[in-house]
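K.L.:
This structure is in structure tokens; I'll ask about it shortly.
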Amino acid sequence: MTITAKPPKPRFKTGDTVHIGDRKAVGHCRTPWYLRGKTGVVASIQGTYHDPERLAYHKPGLPSQVLYKVRFLQSEIWPKYKGPATDHLEADIYEYWLEPATEERRP
Amino acid sequence: MTTPTRKTMPRTGAKGRAAHDVGGLDFGPIDRHEHDLALWEKRVDAMLILLVGKKKGAFAIDAMRRAIEDYGQQEYDRTTYYEKWARAIRNLVVEQEILTRAEIEARMQEVRDKHLKAGRKVSKAGVPW
Amino acid sequence: MTHGHGSHDHDHDHGHGHDHDEPHPPQRDHDAGEMGAYEVLEEAVRTLLIEKGVLTPAEIRGQMDLMDSRTPSLGANVIAKAWTDPAFKKLLLKDTRAALAGLGIDIGTLAEFRTIENTPKVHNVVVCTLCSCYPKMLLGIPPAWYKSLAYRSRVVVDPRGVLEEFGVKVKPGVEVRVHDSTADLRYLILPMRPKGTDGLSEEDLAGLVTRDAMVGTAIPEAPKPKRAAAE
């Protein structure tokens, strides 16, 4: 059996439509409540970092996790959003909070 | 050493979101008044940066945030920014077995006594663990 | 004043030469008023950590001095340079850490920086809804309002309303884009250079850039033309 190093390969690429997980977090979590279950588009890949959800409990947070800048339509996040339809919000979200989405959407 | 347990501290009336996770809630008008930090606050800031830095490596900044998140809504809402961080530093240095709770409590009393003796008014209140 | 305590570090910081435009009030005298529980806690923890050799007074002093040296003026100089030097601007947008390092500004190891450019089509504004992440290593300590529950909660859901409170009105045809700093990236907004500033020196341009402009809650303006002497 050959063992090869597999540094984290991003699961998503810029332009991919993604769903934010709709689950409850237990303990430290950097995916805000207001984005759970929302749909966005990957605006960029921000790199790989040690997992904050584990660093918070004195674990090293390895293996490193891929971080994405995800862009959302404000009108999708907030049902009663008062601004124009072109307003957006972006947040930095870790890969394990993202699921692929099937419908296409422009960033 | 026991690994700290994970807890969620939901905000009452907000369907299970954690107390610190406030995006989209309404806390009224933004107070834009600015003031200089007190000296003790600057020291809290300095200690925090030093302790999470690579040279000391006492704990990750993420652990500090987690400690603050675990305070619960009431404490979270009523304490100031540096009060939160001061308490977190204290809790984390005990959690990481750098200092003990007993020696901190003892030193706090010594500090109170010293300042009282010097003629200053000193709060008798403790800081919740 | 008497300090009964052998606090080796220093005298109070009464406006020692850091870079700012207006005099600010002297360091609040911590001997005035009741000493609160958290101030007691700070002294207890600090003195214990020093006694045990975990931290030294010099390290604490050094870190305080470092934070004092990071100010909005420093950021304003960076913005002004980006406005006047296209190669620097390109580097700032591509690799903010490297661009700042080139100016002798070491942002440390706690976080990475990203610079986001305002354009005629997009106005950007930064927040950290979960705590108060901020590009401290450039701009210094954030203002209380940035860390407040009111700002953190509302700017994501009503950014235009919040901007109006700050005196910024963004036209409907311009996108407002909010950046929630949820991870280890800190965002610096590169505002647009105001019209009518051709021929201004880099130093004068820097004078137009406020801290709020680098967070997204202000828009730099050209200097007002001087009034005639007689009113």
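The values are calculated or read from the model by the stated rules, or taken from the named source; none is laboratory data. From a predicted model like this one, the values you see are computed outputs, not experimental measurements. As a convention, Cβ positions derive from the backbone with ideal geometry for all residues, glycine included, and neighbour counts pool all protein chains shown.
K.L.:
In region B:89-129, what residues are more than 9 Å from every other protein chain (Cβ to nearest Cβ) and touching a residue at least 40 places away in the same chain (Cβ under 8 Å)?
P.N.:
B:Leu92, B:Glu97, B:Pro128
K.L.:
Follow-up question, since we're still on this one. Do any helices (runs of 4 or more DSSP H) lying entirely in region B:29-127 carry at least 1 residues that are within 22 Å of C:Lys52 (Cβ to Cβ), and which ones are they?
P.N.:
Working: elements: B:39-52, B:61-69, B:73-78, B:81-95, B:101-117.
Counting at least 1 such residues, we get B:39-52, B:61-69, B:81-95, B:101-117.
K.L.:
Answer yes or no: is there a residue in region C:117-137 that is acidic (Asp, Glu) and within 16 Å of the chain's Cα centre (by Cα).
P.N.:
no
K.L.:
Another question, if that's okay. Filter region B:1-58 down to the residues that are on the phi > 0 side of the Ramachandran plot and at pLDDT 95 or above and list them by number.
P.N.:
Once the filter is applied, which keeps residues that are on the phi > 0 side of the Ramachandran plot and at pLDDT 95 or above, region B:1-58 yields B:Gly24, B:Gly57.
K.L.:
Quick one: in region B:81-122, which of the residues that are surrounded by 14 or more Cβ atoms within 10 Å (Cβ to Cβ) and touching an Asp or Glu at 6+ places or on another chain (Cβ under 7 Å) is farthest from A:Tyr57 (Cα to Cα)?
P.N.:
Among those that are surrounded by 14 or more Cβ atoms within 10 Å (Cβ to Cβ) and touching an Asp or Glu at 6+ places or on another chain (Cβ under 7 Å), it is B:Arg120.
K.L.:
Let me ask something else. Mind telling me which of the residues A:Ser44, A:Ser64 ends up being in contact (Cβ under 8 Å) with a residue 40 or more places away in the chain and small (Gly, Ala, Ser)?
P.N.:
Working: A:Ser44 fails: in contact (Cβ under 8 Å) with a residue 40 or more places away in the chain.
When all the criteria are applied, what remains is A:Ser64.
K.L.:
Considering each of C:Gly53, C:Gly75, C:Gly104 in turn, give the residue that is of a type outside the set (A, V, I, L, M, F, W, C), touching a residue at least 12 places away in the same chain (Cβ under 8 Å) and either in the same structural domain as C:Gly196 (by TED's automatic domain parsing) or under 27 Å from B:Lys54 (Cα atoms) (or both). Walk me through how you get there before you give the answer.
P.N.:
Values: C:Gly53 fails: touching a residue at least 12 places away in the same chain (Cβ under 8 Å); C:Gly104 fails: touching a residue at least 12 places away in the same chain (Cβ under 8 Å).
Among C:Gly53, C:Gly75, C:Gly104, only C:Gly75 is of a type outside the set (A, V, I, L, M, F, W, C), touching a residue at least 12 places away in the same chain (Cβ under 8 Å) and either in the same structural domain as C:Gly196 (by TED's automatic domain parsing) or under 27 Å from B:Lys54 (Cα atoms) (or both).
K.L.:
Take the residues in region B:50-73 that are within 7 Å of another protein chain (Cβ to nearest Cβ) and within 11 Å of A:His58 (Cα to Cα), then tell me which one is surrounded by the fewest Cβ atoms within 10 Å (Cβ to Cβ).
P.N.:
Of everything passing the filter in region B:50-73, B:Ile61 is surrounded by the fewest Cβ atoms within 10 Å (Cβ to Cβ).
K.L.:
Could you check how many residues of region C:128-141 are farther than 13 Å from C:Ser73 by Cα and touching a residue at least 40 places away in the same chain (Cβ under 8 Å)? Reasoning before the result, please.
P.N.:
Going residue by residue through region C:128-141, those that are farther than 13 Å from C:Ser73 by Cα are C:128-135.
Checking which are touching a residue at least 40 places away in the same chain (Cβ under 8 Å) leaves us with C:128-130, C:133-135.
Of the residues in region C:128-141, 6 are farther than 13 Å from C:Ser73 by Cα and touching a residue at least 40 places away in the same chain (Cβ under 8 Å).
K.L.:
Hey, does region B:102-117 have a residue that's in contact with a Phe, Trp or Tyr (Cβ under 7 Å, 6 or more places away or on another chain) and of a type outside the set (S, T, N, Q)? Don't jump to the end; show me each part of the working.
P.N.:
The initial filter retains those residues of region B:102-117 that are in contact with a Phe, Trp or Tyr (Cβ under 7 Å, 6 or more places away or on another chain), namely none.
Checked region B:102-117: no residue is in contact with a Phe, Trp or Tyr (Cβ under 7 Å, 6 or more places away or on another chain) and of a type outside the set (S, T, N, Q).
Here is a yes/no grid of residues against (1) aliphatic (A, V, I, L, M); (2) over 21 Å from C:Phe113 (Cβ atoms); (3) not assigned by TED's automatic domain parsing to the domain that holds C:Leu92:
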| residue | (1), (2), (3) |
| --- | --- |
| C:Leu149 | yes, yes, no |
| C:Gly161 | no, yes, no |
| C:Phe166 | no, yes, no |
| C:Lys171 | no, yes, no |
| C:Ala183 | yes, no, no |
| C:Asp198 | no, yes, no |
| C:Ala206 | yes, no, no |
| C:Pro223 | no, yes, yes |
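K.L.:
Now for a separate question. Looking at C:Thr109, is it part of a loop (DSSP other than H, G, I, E, B), at the interface with chain B (Cβ under 9 Å from one of its Cβ atoms), crowded, with 16+ Cβ neighbours inside 10 Å and among the β-branched types (Val, Ile, Thr)?
P.N.:
Values: part of a loop (DSSP other than H, G, I, E, B): yes; at the interface with chain B (Cβ under 9 Å from one of its Cβ atoms): yes; crowded, with 16+ Cβ neighbours inside 10 Å: no; among the β-branched types (Val, Ile, Thr): yes.
Criteria not met by C:Thr109.
K.L.:
What's the total number of residues in region C:81-105 that are surrounded by fewer than 22 Cβ atoms within 10 Å (Cβ to Cβ) and of a type in the set (A, V, I, L, M)? Step through it out loud before you land on a result.
P.N.:
Keep residues of region C:81-105 that are surrounded by fewer than 22 Cβ atoms within 10 Å (Cβ to Cβ), which gives C:81, C:84-91, C:93-95, C:97-98, C:101-105.
Imposing the further condition that a residue be of a type in the set (A, V, I, L, M) reduces the set to C:87, C:91, C:93, C:98, C:101, C:103, C:105.
Total meeting the criteria: 7.
K.L.:
Further question on the same structure: Any chance you could count how many residues in region A:59-78 are in contact with a strand residue (DSSP E or B) (Cβ under 7 Å, 6 or more places away or on another chain) and more than 18 Å from C:Ser181 (Cβ to Cβ)?
P.N.:
Of region A:59-78, the ones in contact with a strand residue (DSSP E or B) (Cβ under 7 Å, 6 or more places away or on another chain) are A:64-74, A:76-77.
Filter once more, keeping what is more than 18 Å from C:Ser181 (Cβ to Cβ): A:64, A:73, A:76.
Here the count works out to 3.
K.L.:
Same structure again: Only one of (1) farther than 23 Å from C:Glu59 by Cα; (2) away from chain A (no Cβ under 14 Å); (3) hydroxyl-bearing (Ser, Thr, Tyr) fails for B:Tyr82. Which number is that?
P.N.:
That leaves (1) as the condition not met.
K.L.:
Which of the residues spanning region A:9-41 are in contact (Cβ under 8 Å) with a residue 40 or more places away in the chain and within 14 Å of chain B (Cβ to nearest Cβ)?
P.N.:
Matches in region A:9-41: A:Ile20, A:Arg30, A:Thr31, A:Pro32, A:Tyr34, A:Leu35.
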